Amino acid sequence: MELHTLKPAKGAVKKRKRIARGQGSGRGGTSTRGHKGQKSRSGYSRKRNFEGGQMPLQMRLPKRGFKNHNRVEYVPLNLSRLQAIADKFNLSAINMETLVANGIVKVNDKVKVLGHGELTAKLEITVHACSESAKKAVEAAGGTINVL
């Protein structure tokens, strides 16, 4: 075997289709596009949801509700979860820096403490919002809650 005798395996290399290169090529004339009509023209591209002129599905369905652009999305943290975090990382103060550092929330998240579960540890909590029941439970356990 020598470099000048190498060639690809039989059937591995195919000739590409040469469209619109005369009648002798077998693909002249209409160049595999059929006869006339919009799809046979150059530059044709159909709109994404085009249904042949029929009213498209997204226009047939009714509009519902609205999106409030002023809504503030909070990440909920229940008292039981705060207790687990305090036990796991041995914390007495929970704030945004410790939550982000331990991978519980992301940097730009807003956190709201909710009152589900038991809280036994005396914690100093600093978050963006909290419910009334959570505030009562934290203060009953001897801790404090600060709202940013």
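Throughout, read-outs are computed from the coordinates displayed, never taken from laboratory work. No experiment lies behind these values; they were computed from the predicted model shown. A quick note on method: Cβ atoms are made from the backbone with ideal geometry, for glycine too, and the neighbour counts reach across all protein chains shown.
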(message) Classify the chain from the C-alpha gyration tensor, please: rounded if a/c falls under 1.5, else prolate or oblate depending on whether a/b exceeds b/c.
(response) oblate
(request) Could you list the trypsin sites (Lys or Arg not before Pro) in the range 22-90 that lie in coil according to DSSP, counting only those with at most 13 other Cβ atoms within 10 Å of their Cβ? (result) 36, 41, 46, 47, 48, 63, 64, 67, 71
(message) Which lysines, if any, have their Cα less than 17 Å from the Cα of residue 15, not counting same-chain residues under 8 positions apart?
(response) 7
(request) For the range 61-148, just say rounded, prolate or oblate: build the C-alpha gyration tensor, square-root its eigenvalues into a ≥ b ≥ c, call rounded for a/c under 1.5, and beyond that prolate if a/b exceeds b/c, oblate if not. (result) prolate
(request) Return the sequence-ordered ³J(HN,Hα) values of the range 102-116 in whole Hz as given by the Karplus equation 6.51 cos²θ - 1.76 cosθ + 1.60 applied to θ = phi - 60°, using x for Gly and Pro. (result) 8, x, 8, 10, 8, 4, 8, 5, 9, 10, 10, 8, 10, x, 7
(request) Rounding to the nearest 20 debye, state how big the charge dipole of the chain is about its Cα centre with +1 on each Lys and Arg Cβ and -1 on each Asp and Glu Cβ. (result) 2580
(message) If you consider only alpha-carbon coordinates, what radius of gyration and Dmax does the range 17-65 have, in Å?
(response) 18.0, 62
(request) Could you pull out the GluC sites (Glu not before Pro) across the range 94-139 that fall in loop regions by DSSP (anything but H, G, I, E, B) with no more than 13 other Cβ atoms inside 10 Å? (result) 118
(message) What does the extension gain come out to for residue 46 and residue 102, with contour length at 0.36 nm per residue minus their alpha carbon separation?
(response) 15.1 nm
